1. Give me the percent relative contact order of segment 125-288, please, defined on Cα pairs under 8 angstrom at least 6 residues apart.
2. Multiply the residue separation of Arg150 and Ala197 by 0.36 nm, subtract the distance between their alpha-carbon atoms, and state the gained length in nm to one decimal.
3. Can you give the net charge of the other residues whose Cβ lies under 9 Å from the Cβ of Lys225, counting K and R as +1 and D and E as -1?
4. Within segment 107-150, list the trypsin sites (Lys or Arg not before Pro) lying in a DSSP loop whose Cβ has at most 10 other Cβ atoms in a 10 Å radius.
5. Quick one: net charge of Ala249's neighbours, Cβ under 13 Å, K/R +1, D/E -1?
6. For each of Thr304, Thr16, Thr136, Thr37, count neighbouring Cβ atoms within 10 Å of the residue's Cβ, then give the residues from fewest to most.
7. Using C-alpha positions alone, give me the convex hull volume of segment 125-288 per residue in cubic angstrom.
8. Over 21 Å between C-alpha atoms is what I'm after, so list which of Lys166/Lys274; Lys28/Lys96; Lys7/Lys90; Lys7/Lys106; Lys28/Lys127; Lys57/Lys128 land there.
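None of the figures in this text is laboratory data; all of them are computed from the coordinates on show. Bear in mind the structure is a predicted one, so any value in this text is a computation, not a measurement. As a convention, Cβ positions derive from the backbone with ideal geometry for all residues, glycine included, and neighbour counts pool all protein chains shown.
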Amino acid sequence: MERKKMKAMGIDIGGTNTAVSICSSAGKTLGRFDFSTPRSKYPEKTISEILRIIDGKYPLDEIGAAGFAVPGMLDPENGFVFSAPNLGWKNFPLKKVLMKYHRFKKLVFENDASCAALGVYSAYRGKKPESLAVLTLGTGIGGGFISGGRIFSRRDISIFEAGHIKISPEGLPCGCGARGCLEAYCGAAYMNNWAGAMFPKALQSSVLSSGEIYEKANGGALWAKKIWKQYGIYLGMAVSDIVNLLVPAQIVFTGGLAGAYSEFKGGLRISLEKHILPSYRGRSLISVHAGACSVGADGAAAMTLL
Ligand SMILES: [Zn+2]
């Protein structure tokens with residue numbers, strides 16, 4: 001009798017916030033909440049604290065299955081995190097530690113962008129796209145691919161690291177150690193590395209956030225509009241590669257910077273026309289998914305039901 005009542009939970013552990021989504025065993029969302037990710041140099045402490053906070057808001061005993069969205073590289077089958085730089089985790093046996101604190105009946109794991117992709121997919125009402133690529137445009141850039149309603153993945157390692165598609169040989173340095181990655185141009189944390197040079201003289205010693213640059217562009221500042229056009233051109237190079245490889249029926253941008261779509265879509269279009277193979281042009285629809293903060297947790301919850 002308990003089986004029927006058991007609920008599923010998705011937990012998206014972010015560098016700043018942790019988002020939780022609870023759904024019924026039929027996939028209906030029952031509630032969501034989020035809190036600041038507890039900081040500790042001991043990953044186990046972070047996890048025990050996250051479980052304690054969740055249990056305080058929603059009894060873990062009512063949860064049958066839990067899905068975890070992890071911001072890093074992991075082995076999904078064994079719930080082993082190779083590295084999650086924003087959390088300071090390296091070679092962390094997440095599943096093993098979770099089982100120490102609570103006897104979950106089912107645990108599943110994936111990279112956070114793949115969970116976001118499933119969250120976006122699950123949010124479609126009516127006809128769902130046959131294939132879907134999602135790019136999360138935030139501090140860094142993540143990617144996830146859904147095909148036939150499932151996350152395109154490997155059992156032993158998370159894949160589709162779209163943020164590290166190369167868009168410039170010997171280009172700007174990226175946090176991964178390489179150069180010229182999409183993230184090194186289009187991640188919010190990296191924008192100033194190239195955009196700063198386009199600021200007016202009076203601003204050149206300052207560091208503007210992507211949000212401030214958006215505000216300026218929205219207010220009509222030409223230099224800011226040029227920055228977003230260039231942003232679209234960079235992004236379009238990586239999106240073209242994704243289209244040329246997989247021709248997804250739909251490409252969706254989500255995350256904080258997706259809100260600047262109206263400013264960067266001009267540059268994006270120029271880039272796509274230049275780089276997508278002629279036969280593939282117009283086959284991948286592009287859109288933006290708003291309400292981004294819960295999408296990773298929703299996807300992590302949905303993942304437990306697959
Ligand atoms: Zn990189």
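1. Reported relative contact order: 24 percent.
2. Roughly 12.7 nm would be gained on extension.
3. Details: positive: Lys216, Lys226, Lys229; negative: Glu263.
Residues near Lys225 contribute +2 overall.
4. In loop regions of segment 107-150 (DSSP not H, G, I, E or B), the sparsely surrounded trypsin sites (Lys or Arg not before Pro) are Arg125, Lys127.
5. +2
6. Details: Thr304 24, Thr16 10, Thr136 31, Thr37 21.
So the ranking, lowest neighbour count to highest, is Thr16, Thr37, Thr304, Thr136.
7. Working: hull volume 20.5 nm³, N = 164.
Value for segment 125-288: 125 Å³ per residue.
8. Lys28/Lys96; Lys7/Lys90; Lys57/Lys128
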